[in-house]
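The values are calculated or read from the model by the stated rules, or taken from the named source; none is laboratory data. Note that the coordinates shown come from a computational prediction; the quantities given were computed from them, not determined experimentally. Neighbour counts are summed over all protein chains in view; Cβ atoms, including those assigned to glycine, are modelled from backbone coordinates with ideal geometry. To get the accessible areas, we keep the full protein, side chains included, count just its heavy atoms, and leave off ligands, DNA and RNA. Shrake-Rupley method; radii C 1.70, N 1.55, O 1.52, S 1.80 Å.
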Amino acid sequence: MNMSKGRWRLSRLMRQIWVPVALMGVLALVTALGAAVIGRALPEGAVTKIGADAVLTILQIIASSMLAVTTFSLSIMVSAFGSAASGATPRALALLQSDRTTQRVLACFIGAFVYAIVGIIALQTRIYGEAGRFVLFVVTLGVIALVIGMLLRWVQHLTVFGLLSDTISRVERAAAAAIAERAADPRLGCARWQQVPPGAFEVRAARTGHVQHLDTAQLQAVAARQGCRIWVLAEPGSFVHPARALLACDALPGDAEARRALEEALRAAFTIAHARSHDQDPRFGLITLAEIASRALSPAVNDPGTALDILSRLARVLGEWRPAPLPELRHDRVFLAELAPEALLRDAFHAIGRDGAAMIEVALRLQQVLAALAAIAPRDFAPAAAVQAHRAAEFAAAALLLEEDRARIAALAERTAQGA
């Protein structure tokens with residue numbers, strides 16, 4: 001989670017679908033041409049004679065079939081993305097696009113296509129000798145076995161890929177991973193938050209968007225070089241704009257040019273983009289799960305069962321929130337506030353309490369989940385759970401038709417508040 005900006009960008013790049021596809025294409029090209037080189041290195045008489053027509057026919061079959069399979073797979077992938085965006089939430093698309101199985105399958109199909117095309121061209125130009133054709137034949141058998149294995153894996157993967165349950169599970173795993181990593185390092189290696197002293201100057205954002213990544217090590221390096229302290233005011237996930245301060249610094253640059261240089265060095269630690277990212281932002285996963293539940297509770301969908309499932313998953317994800325009591329201090333000149341439990345529970349449950357207030361089963365499950373979180377982590381969640389339980393009870397009081405149901409929800413909320 002707390003990696004440098006360069007490593008984080010590299011990790012984001014490696015999740016792009018074109019990267020494994022391009023790597024597999026290059027590997028296929030090298031393999032097809034390498035068969036000729038290996039063939040020349042083999043001693044005469046050490047291989048079985050293979051006719052060029054036999055290998056050519058197999059390669060033509062691979063080329064034509066892989067082109068069709070790849071086109072079909074891409075259409076399925078696009079359909080799955082559209083289904084996830086309309087059935088769940090567009091915020092989950094990034095998780096489907098970075099699916100490793102899909103990337104590997106497409107890379108294998110395109111790699112096999114490139115291998116077959118290069119092999120056909122090389123055969124027609126007589127690059128291979130007898131030994132080279134034998135090596136090409138053996139490698140082609142391996143490619144066929146790999147393609148068959150990937151086809152079987154792809155068929156199994158397509159039974160769930162893009163379905164609502166699969167999308168929800170991906171969002172839950174991303175949210176749980178972000179929660180667990182942030183709990184293990186609640187301040188990203190920085191010092192405990194202190195009040196910003198008078199006289200500290202603020203560095204504002206240069207563009208509008210969300211903070212996707214914060215390089216705290218880079219801030220520490222700048223602070224050590226300048227002999228100053230830094231207070232982070234915009235943590236990952238924050239919406240920033242040119243009027244919003246990213247951080248405060250107690251350095252006193254001697255002139256305007258030195259101050260501009262310092263500001264640029266500090267801004268460089270923040271990666272700002274139009275969309276949020278799960279990497280350093282545990283709240284984003286909670287918001288995405290809540291969005292899926294709200295969509296399911298809309299009159300157009302009317303699927304309270306999905307909302308009940310989301311509430312159970314939110315309880316499971318938030319149940320892992322146990323901040324380390326003494327986290328490692330790696331950046332003693334940088335101050336960062338820990339995530340507030342109130343913000344976590346508000347992101348997770350406020351929208352569901354509002355949109356599901358008229359459904360007694362959703363209102364009941366919400367009260368049960370809040371009571372469970374207050375019992376699991378009373379120090380962190382009990383007060384915040386009591387606040388959310390009271391708000392949900394107010395929503396239910398305004399939406400439920402039966403007095404009996406309203407009284408039942410109010411009693412559960414009051415029990416949670418008394419426990420807090």
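Within region 203-237, track down each residue that is outside any strand (DSSP E or B) and of a type in the set (A, V, I, L, M).
Within region 203-237, 205, 206, 217, 219, 221, 222, 223, 224, 233, 234 qualify.
Given the residues 135, 114, 69, which is the only one that is at pLDDT below 90, touching a helix residue (DSSP H, G or I) at 6+ places or on another chain (Cβ under 6 Å) and either in a helix (DSSP H, G or I) or more than 30 Å from residue 289 (Cβ to Cβ) (or both)?
Values: 114 fails: at pLDDT below 90; 69 fails: at pLDDT below 90.
Step by step, each of 135, 114, 69 is checked, and only 135 is at pLDDT below 90, touching a helix residue (DSSP H, G or I) at 6+ places or on another chain (Cβ under 6 Å) and either in a helix (DSSP H, G or I) or more than 30 Å from residue 289 (Cβ to Cβ) (or both).
Looking only at region 364-385, which residues are β-branched (Val, Ile, Thr) and either open to solvent by less than 70 Å² (accessible area, probe 1.4 Å) or in contact with a His (Cβ under 9 Å, 6 or more places away or on another chain) (or both)?
369 - this is the single residue of region 364-385 that is β-branched (Val, Ile, Thr) and either open to solvent by less than 70 Å² (accessible area, probe 1.4 Å) or in contact with a His (Cβ under 9 Å, 6 or more places away or on another chain) (or both).
Every residue in region 48-66 that is more than 18 Å from residue 106 (Cβ to Cβ), open to solvent by less than 30 Å² (accessible area, probe 1.4 Å) and modelled with pLDDT of 90 or more, please.
Listed by number, the list holds a single entry, 59.
Can you name the residue in region 281-296 that is open to solvent by less than 10 Å² (accessible area, probe 1.4 Å) and over 12 Å from residue 317 (Cβ atoms) and, of all such residues, is nearest to the chain's Cα centre (by Cα)?
281
Quick check, is residue 143 surrounded by 17 or more Cβ atoms within 10 Å (Cβ to Cβ) and modelled with pLDDT under 90? Lay out the reasoning, then the answer.
On the way: surrounded by 17 or more Cβ atoms within 10 Å (Cβ to Cβ): yes; modelled with pLDDT under 90: no.
No, not satisfied.
If you scan region 98-135, which residues turn out to be open to solvent by 60 Å² or more (accessible area, probe 1.4 Å) and of a type outside the set (A, V, I, L, M, F, W, C)?
100, 104, 124, 125, 126, 130
Taking the criterion of being surrounded by fewer than 16 Cβ atoms within 10 Å (Cβ to Cβ), part of a loop (DSSP other than H, G, I, E, B) and among the small types (Gly, Ala, Ser), would at least one residue in region 177-189 satisfy it?
No: zero hits.
Scanning region 146-157 for residues that are open to solvent by 50 Å² or more (accessible area, probe 1.4 Å) and touching a residue at least 12 places away in the same chain (Cβ under 8 Å), which turns out nearest to residue 291 (Cα to Cα)?
Checking each candidate, the answer is 153.
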